[in-house]
Every structure is written in C-alpha cells, then in structure tokens.
Amino acid sequence: MTDPELDGVTVTVSKPRCYKPGEAYSCHILVYPLAEGGYSAYCLALPEVAAQGATSQEAVAKVIEGFRETVLRCRAAQQPIPWIPWDKVEVPNLPGARELGPTVEFPVDPEA
C-alpha cells in the first residue's frame with residue numbers, strides 16, 4: 001500500500017515469520033513533513049532513534065537502521081533497551097503526520 005502524501009513510502013503487508021514472544025523486535029515510526037522541507041521520523045517507543053531526510057522514504061530508512069543499531073548495541077552491552085512503555089507513548093498531533101507500524105521486525109538473534 002502506498003500513501004502518496006508520504007512521498008512514496010511503501011508499507012508492505014505480508015505474513016510475518018512467526019516468532020515467540022521475546023524473539024523479535026518491532027517498532028512503530030511516526031513520519032511527518034517539516035515546514036522548511038524534507039521529513040522527520042522517529043520510533044515512537046524509542047524516541048532517541050530519530051532522523052531527517054529529503055524524502056519520507058529516506059527518513060524512515062534511517063530510523064529503521066538506527067532502530068536496529070540501538071537494539072543490537074544494547075544487547076551487545078547486555079543493557080536493557082530504553083523503551084518507553086507502549087501505554088506511556090504519546091503520539092503528537094502534527095500536521096501531515098502518519099504512523100507506520102510495525103515497520104520493521106527482526107529476530108532477537110540476528111543470525112537466526
């Protein structure tokens with residue numbers, strides 16, 4: 001499905017691989033246009049993972065990569081991932097904002 005207001009961001013809906021709880025990570029991304037041009041995006045439950053891009057696709061791709069890097073860095077350091085509990089996540093009402101998610105899902109063990 002493509003939302004033309006999101007400058008070509010494509011969200012593909014397919015049957016996900018089945019993971020048991022605790023075996024995979026996923027995130028919801030908020031993407032919105034900037035007044036000065038371009039787009040900003042961030043992971044709603046991990047707002048430290050944010051990026052900007054000339055297009056919404058570029059901003060979302062950067063957030064997805066940042067999400068993976070953050071999760072893997074925390075796991076390698078044996079530190080907890082600094083999630084905001086989903087019931088505490090606040091979705092701002094920004095003009096033109098769209099929530100995409102879960103946008104990325106990958107196994108806890110990247111070798112799996």
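Just so it is clear, none of the values below were taken in a lab; they were calculated from the coordinates. Keep in mind that this is a model prediction, so the values were computed, not measured. Every residue, glycine among them, receives a Cβ derived from its backbone with ideal geometry; neighbour counts consider all protein chains shown.
Full extension of the chain between ARG73 and VAL91 yields a length gain of 3.9 nm, computed as 0.36 nm times the residue separation minus the alpha carbon distance.
Each of VAL89, VAL60 was scored by other Cβ atoms within 10 Å of its Cβ. Arranged with the fewest first, they read VAL89, VAL60. Each residue in ILE84, ILE64, ILE29 was given a count of other beta-carbon atoms within 10 angstrom of its own, and listing them fewest first yields ILE84, ILE64, ILE29.
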